[in-house]
Every structure is written in structure tokens, then in C-alpha cells.
Amino acid sequence: MRVVIAEDLFLLRDGLIRMLEAHGFEVAAAVDTGAGLLAAVEEHQPDAAVVDVRLPPTFTDEGLQAALEARRRVPGLPVLVLSQYVEQIYARELLADGSGGVGYLLKDRVFDLDGLSPREREVLELMAEGRSNAAIAQRMVITERAVAKHTSSIFIKLGLQPSDDDNRRVLAVLAYLGR
């Protein structure tokens, strides 16, 4: 899977590159501005983007605006939004177009996904493949109820509260992809 990263903090950007590559992802580009993100999306046509909400020059919502434009240029582009603060409006804006996955991850949780058990990681990997609970149960040779329990535990550990506006499976998968 080819990923582009837009993060202005060098150390975090470098850490994301190393983490993603260690888990088998190809980082096609890592940039520090919204304009850089758009250029990277145009050039590399990635499978997903990891984008900091606040990018130079004003550090307000340039990253979000660039992610929205990137989604227009590559319809359905999955975007994992990084932020230092919980600001649900950002994920909602990306969800509004109804195409592509959207994840919202606090920066202090980026490297904190190892709280999942091996079984929960296996369920999450199968969710990332687009499998239903029934398909996951069949593949793992467990009951659908067991899959539902693992899924609930994953949501809790990733801090994904029930919401009428968000698809927690998509958010969990995007958090997994960003690990």
C-alpha cells in the first residue's frame, strides 16, 4: 500500500515513515505543507494519506483543506487525520462527501496501538481486508459473537466511542493502517 504523509514536525514525520515502512507500507512521499501534499497526491496517486490538520503557513486548518482537495483529485482517497486536539468537525468534513475512509487520530496515540492483543490485531487485520464479522469468524474459526467482542474491545482500546456520524470500523482500520 502506497501512502503519502503531510506532517510539518520533522521528528513525527520521520517516525511515521519508519513505522509505516516497518509494517510493510510504501511511503511514496512525506511532505510538510498542504501544497506539498497536493503535489504528492497528483504525482504518486497513493492508496491512502496521513495528514496533520495544522500545517504551515498559518497552522490553522491547511492540512484539512489540502486533504479535502486531495480527495477531490483522487476520489475515495482514504485519509487518516492527525491532530493534537479532539476536533470532530475535521473528520466530519471529510466524511461529508461520502467517499473513501476517514480516520482521526490524536498525535499522542500514533505510536500507542500495541495495546491490542494478538487476537484483536488479527481481527483488525481482517477488518482492514474488508471482511464482515461472519467472514472473520469463519476465517478465524471462532463464533460471530467472539468477533463482536473483539471488535468492541478494539473500539474501546482505540478510543472510538459510539457515534451516529462516524463508522467506527473504518476509523479503527485507518488507525491500524496508521500504526
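The values are calculated or read from the model by the stated rules, or taken from the named source; none is laboratory data. Everything numeric in this text was worked out from a predicted model, so none of it was measured. Glycine also receives a Cβ, built like all others from the backbone with ideal geometry; neighbour counts cover every protein chain displayed. Just the protein is used for accessible areas: all its heavy atoms, side chains included, with ligands, DNA and RNA removed. Shrake-Rupley method; radii C 1.70, N 1.55, O 1.52, S 1.80 Å.
Some points to look at:
- Cβ-Cβ FRET estimate between GLN138 and THR60, R0 fixed at 45 Å, reported to 0.05: 0.45
- Other-chain or far-sequence residues with amide H under 5 Å of VAL31's (modelled H): ILE5, ALA6, GLU7
- Among 152-158, 60-66, 116-122, sorting by the average number of other beta carbon atoms lying within 10 angstrom of each residue, highest first, gives 60-66, 152-158, 116-122.
- Area of ARG73 that stays accessible when all protein chains are in place (1.4 Å probe, Å², to 10): 100 Å²
- Solvent-accessible heavy-atom area per residue, rounded to whole Å², over region 1-73 at 1.4 Å: 45 Å²
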